[in-house]
Amino acid sequence: MLLVGSSEYPVPVWRAGGMKCLTAVLAAMLLLAQAEASHALIRITNDRGGQIGRYVDRYEKLRASGQAVVIDGLCASACTIVLGTIPNHKICVTPNAELGFHAAWDFGKRGRVIPNPEATRELLSMYPSQVRRWIASRGGLSARTIFLRGRQLVAMYRACYEGTQAATTRRIEGSVLNNPARRERPARAAFRTTGAS
């Protein structure tokens, strides 16, 4: 047992206010662990998109976690939903960041890709106004992919600084559709399962 006091009359720590000290130390450790988790980063590097619903769900969970997002490479198709789901101050972009936008689509008969205007309107409505204006200035969302990068992107989202390091960085690379074992066909005309890529 840890004792404090004079050598003649040692007092157990828990009696000498040590319990309060121990409680304070434990509380500080918990606060630090919580602060570390809230400063964790998610790094997007090569995400070509997938089903809109999966990305909406993924980014809603990410927003609730309070984690920040670093876009450090390609973020295309449904991946770009991150812009409308995560608060602007929680997103930063590196010089490698490149956002690819196009209209939503569904699978038709025999696996043919057909445009889905309703899902495209819904997708467009998710983006912040400055992104919607940029898309409109390029003719809107269509089958053709348009890319936002460089100065135009940094004008909308803050640049990440190399010196900024997070306690934890988890990389999101690729989409669930890149894994053939997890591949699913989207249902027709259902927004949560509509493909954007």
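The values are calculated or read from the model by the stated rules, or taken from the named source; none is laboratory data. All values derive from a computational prediction rather than experimental measurement. Using ideal geometry, Cβ is built from the backbone for each residue, glycine included, and neighbour counts are taken over all protein chains shown.
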Could you tell me whether segment 67-87 includes any residue that is surrounded by fewer than 18 Cβ atoms within 10 Å (Cβ to Cβ), assigned to a loop (DSSP other than H, G, I, E, B) and at pLDDT below 95?
-> no
Considering each residue of segment 129-146, count those that are more than 16 Å from Trp105 (Cα to Cα) and either basic (Lys, Arg) or surrounded by 15 or more Cβ atoms within 10 Å (Cβ to Cβ) (or both), and give that number.
-> 6
Quick one: is Ala64 farther than 21 Å from Thr145 by Cβ, at pLDDT below 95 and part of a helix (DSSP H, G or I)?
-> no
Cβ-Cβ below 6 Å, separation at least six or inter-chain, first residue in segment 108-130 and over 17 Å from Cys79 (Cα atoms), second in a helix (DSSP H, G or I) and among the aliphatic types (A, V, I, L, M): which pairs?
-> Gln130/Met156
For segment 141-156, does any single residue satisfy the condition of being among the β-branched types (Val, Ile, Thr), in contact with a Cys (Cβ under 7 Å, 6 or more places away or on another chain), outside any loop (DSSP other than H, G, I, E, B) and at pLDDT 60 or above?
-> no
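Restricting to segment 130-140, and then to whatever is among the small types (Gly, Ala, Ser) and either within 19 Å of the chain's Cα centre (by Cα) or not in a loop (DSSP other than H, G, I, E, B) (or both), can you tell me which residue is nearest to Phe101 (Cα to Cα)? Before the answer, list the steps.
The initial filter retains those residues of segment 130-140 that are among the small types (Gly, Ala, Ser), namely 136-137, 139-140.
Add one more test, that the residue is either within 19 Å of the chain's Cα centre (by Cα) or not in a loop (DSSP other than H, G, I, E, B) (or both), and what stays is 136-137.
On the way: Ala136: 11, Ser137: 13 Å.
Among those that are among the small types (Gly, Ala, Ser) and either within 19 Å of the chain's Cα centre (by Cα) or not in a loop (DSSP other than H, G, I, E, B) (or both), it is Ala136.
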Taking Glu122, is it assigned to a helix (DSSP H, G or I), farther than 30 Å from Gly66 by Cβ, at pLDDT 50 or above and not polar (S, T, N, Q)?
-> no
When you go through (1) over 20 Å from Arg149 (Cα atoms); (2) more than 14 Å from the chain's Cα centre (by Cα) one by one for Ala40, which number turns out not to apply?
-> (2)
Which residues, counting only those in segment 99-118, are touching a helix residue (DSSP H, G or I) at 6+ places or on another chain (Cβ under 8 Å), surrounded by 15 or more Cβ atoms within 10 Å (Cβ to Cβ) and modelled with pLDDT of 95 or more?
-> Leu99, Gly100, Phe101, His102, Ala103, Ala104
Pairs under 6 Å by beta carbon, first residue on the phi > 0 side of the Ramachandran plot and of a type in the set (S, T, N, Q) in segment 70-87, partner assigned to a loop (DSSP other than H, G, I, E, B) and crowded, with 22+ Cβ neighbours inside 10 Å, six or more apart or different chains?
-> Ser77/Gly49; Ser77/Ala196
For the subset of segment 134-160 comprising residues that are charged (D, E, K, R) and in contact with a strand residue (DSSP E or B) (Cβ under 7 Å, 6 or more places away or on another chain), which member is nearest to Glu122 (Cα to Cα)?
-> Arg138
